[in-house]
Structures are given as structure tokens and as C-alpha cells.
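Chemist: Can you read through this structure? Questions will come right after.
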Amino acid sequence: MPDANAANSSTGPNLDHPTFSIVKAAFAGKKFRGTEFRGQSTLIVEPSDLHEVMAFLKSDPRTSYVFLSDVAGIDYLNYPTRQIGRFAVVYNLISFDRDDRFFVKTFLNPSQPTDGIIDDPALYLDSVTDLWAGAEWPEREVFDMLGIRFRNHPDLRRILLWEDYPAHPLRKDYPLRGRGERETYKVVGRTSA
């Protein structure tokens, strides 16, 4: 992926979104990448810098991304092009002042096998619920489906599956038909619920 420093390079993409230069100036010592695709701009940050950059993007009047529209997780296992990491978490930010949408992405690499429910210390990010209260449920969904945990989340527990579910089903190494959960699932009728 091109470096955000290559924004003015004739060989790199046209990274002309003003937020790129504002973030680059505010965090001169940090490593960033940037992409644009079909008019959508994405800033790629290191996991350790994520919370600080997100706080800046919300509070700085030049950016003013006061609305967190969504948080999504992606598993890039066997993706046809090389990625920075296996998992990504993407934040969809909106500035109402400028009617502007901006994406922030960070990549994580597991340090342990991902075919089970192992608590991997490499798959942790700082929660942004202290910045946007609406991040609570989307972060829980990313945790539930992909096993990425969020430090300082006020209520990090499964949101779609039951607590004892033995895996994170949106990981691409999880079998499409599951591991027998359907066969052992207890059907609850209307009268016994």
C-alpha cells in the first residue's frame, strides 16, 4: 500500500483528502498509510496509535469527525493481494460540518492459531467507546465474530452468539458448516422459552 507521504508523488494515488495532511502534520513522528478508492479515503494507522489518532479526528475543529457510523472487522486470510496484517478493524467516521466521510483502518496479526477461541494478546485494540458511546455494540460484534478484543470497553461480551460458543465464526479458518454446533443446538420452542 502506498505511504501517505507519497500523496504528491506522481506514481502514488491521488491522496488529496485534506484530513491526510492534517493528521500527518499533527503526528509527525507516527507512521501512516493512506488509500483512496472510488472517492473514499482511508487512513491506515498502527494499532498502538489508533486511540490517539481517533481522539484527534473527533476533537480537532479542522477534522471534526463527531459521528462514528460503524466499526467493522475483516479477515484477510488467503486474500489475493498482500496485506499488512491478517485482521483489520475499520472505523467509518462522518463530519456533519463538511458532509464528509472518512475511514480509519488498523491491522492486527495473530500470534497464536486462530482456529479456536484462544485469547490472543496480539488481537487487542483500545476501545473508542470513551470517544463515541455508539461504538459499544459494533465493537462487541467485532469481538463476537472475529475475536478481536477492545481494552477499556464497558461491556465486552458476545452480542450475537451465546457466551459459551466455541469459536469466532467470521474467521475464515472457521468451517462454513461449523464444528457440529448445529447438530448439538438445543431447539427452544415458544412454550418453553
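Chemist: Which cross-chain or sequence-distant (5 or more) residues have an amide H under 5 Å from the amide H of GLY34, H modelled 1.01 Å from N in plane?
Modeler: Amide H neighbours of GLY34: ALA4, ILE44.
Chemist: Using label points projected 7 Å from each Cα along Cα→Cβ, tell me how many nm separate GLU36 and ASN109, to one decimal.
Modeler: For GLU36 paired with ASN109, the spin-label model returns 3.0 nm.
Chemist: Continuing with this model, one more query. Go through region 133-144 residue by residue and turn each phi into a ³J(HN,Hα) via Karplus (6.51, -1.76, 1.60, θ = phi - 60°); whole Hz please, and just put x for glycine and proline.
Modeler: Values, residue by residue: 4, x, 6, 4, 6, x, 5, 5, 5, 4, 4, 4 Hz.
Chemist: Run the numbers on the chain and let me know its relative contact order in percent, using alpha-carbon pairs under 8 Å that are six or more apart.
Modeler: In percent, rounded to a whole number, it is 15.
Chemist: When we measure straight from the Cα of LYS105, which lysines land under 30 angstrom away, once same-chain ones fewer than 8 places off are left out?
Modeler: LYS24, LYS30, LYS31, LYS58, LYS172
Chemist: What does the convex hull of the Cα atoms of region 76-193 come to per residue, in Å³, rounded to a whole number?
Modeler: With only Cα atoms used, region 76-193 gives 162 Å³ per residue.
Chemist: Give me ASP99, ASP16 ranked fewest to most by other Cβ atoms within 10 Å of their Cβ, as a rough exposure proxy.
Modeler: So the ranking, lowest neighbour count to highest, is ASP99, ASP16.
Chemist: May I pose another question? Suppose the chain between ASP16 and ARG151 were pulled fully straight at 0.36 nm per residue; how much longer would it get relative to their current alpha carbon spacing?
Modeler: Taking 0.36 nm per residue and subtracting the Cα distance, the gain is 45.3 nm.
All of the numbers you see were taken from the coordinates with simple rules; none came from a lab. Treat the numbers as computed from the prediction; the structure is a model and nothing was measured. Glycine gets a Cβ as well: all are built from the backbone with ideal geometry, and neighbour counts include every protein chain shown.
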